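Structure record follows, encoded as C-alpha cells.
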Amino acid sequence: MPMKQNKNVLKNSSNFTIQKTAKGNVLVEGNGEKFYLRGVVQEIHSTKKLNPLGCKKSRIHKSPNYVPASSDRKFSAVGKKTGRLYLVKGAVIKQLSSVSAHKSGNNGNTLKQSERRSQKETNSEADSKSYADQLAKIAAEKNAGGDPLVRLKFIIQYVGESRSNIYRKINNGFFPKQRKRNGGRGSYWLLSEIDSYKVAQDGPNAKRG
C-alpha cells in the first residue's frame, strides 16, 4: 500500500532521500549521489505564523560524535520511511557514488578511473622524490671515493630505458650484466659500469642492441 504524503511536508527541491543507519549516521541518496553522512537531521513543519520563512524546525536526530564544521553540507531531503521533509546538515564520511559516475552510466567507472589517475600521479610524485633522494645519496658516496651499488629501478630512470629493453641488451651483450651479493636477494650494478655504458651510448659508435 503506497505511503500517504503528510500535508505539512514542504516541497523537496533537492531530490535527496535519507535513512538512518544502525550506527546512527545517515544514508543519503539522490541527484546522482549516494553517501553516508554524520550530522544533524531536523524535521521541517509548514507553520508560516511562527516563522516568516514559512517553517518551524525541531531536532529529530544527531549522529554520535558529530562536530559542526564550516565545510558541512546542508540540504533538504525526504525521509525514506516517513515521507516527511527534513533539513540535513553534516559531513560526508563515505562516498558510495558521485554525480560524475551517475551521469556516465558506467556503474561508477568514471569515479574509479579518476581515483586510479590520482593514485598514479601520487605514485609518480613519490617515485620522483625517491629518485632525487637516491641521486643525492649516490653523489655523496662518489665524493667519498666509493662506487655506489644501484638497483634496476634506479637504472631505468638514470639511463631512460625500459626494464624489458635493458634485459634484452644484457642478453645481447650490449648492457652490463647484473651482479648478485653472496647470499643476498636481488640484482645490483656498479654505478661506474652504468656510467661507462651511458658514455658509450652518447658516442658515435654506440651499440643500440
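Tabulated values for the structure
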quantity: Any hit, the stretch 102-125, residues being assigned to a strand (DSSP E or B) and modelled with pLDDT under 90; calculated: no
quantity: Leading residue by the ranking (farthest from Glu29 (Cα to Cα)) among those in the stretch 44-77 that are part of a strand (DSSP E or B) and modelled with pLDDT of 90 or more; calculated: Lys62
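The values are calculated or read from the model by the stated rules, or taken from the named source; none is laboratory data. Here the structure is a predicted model, which is why all the values come from computation and not from measurement.
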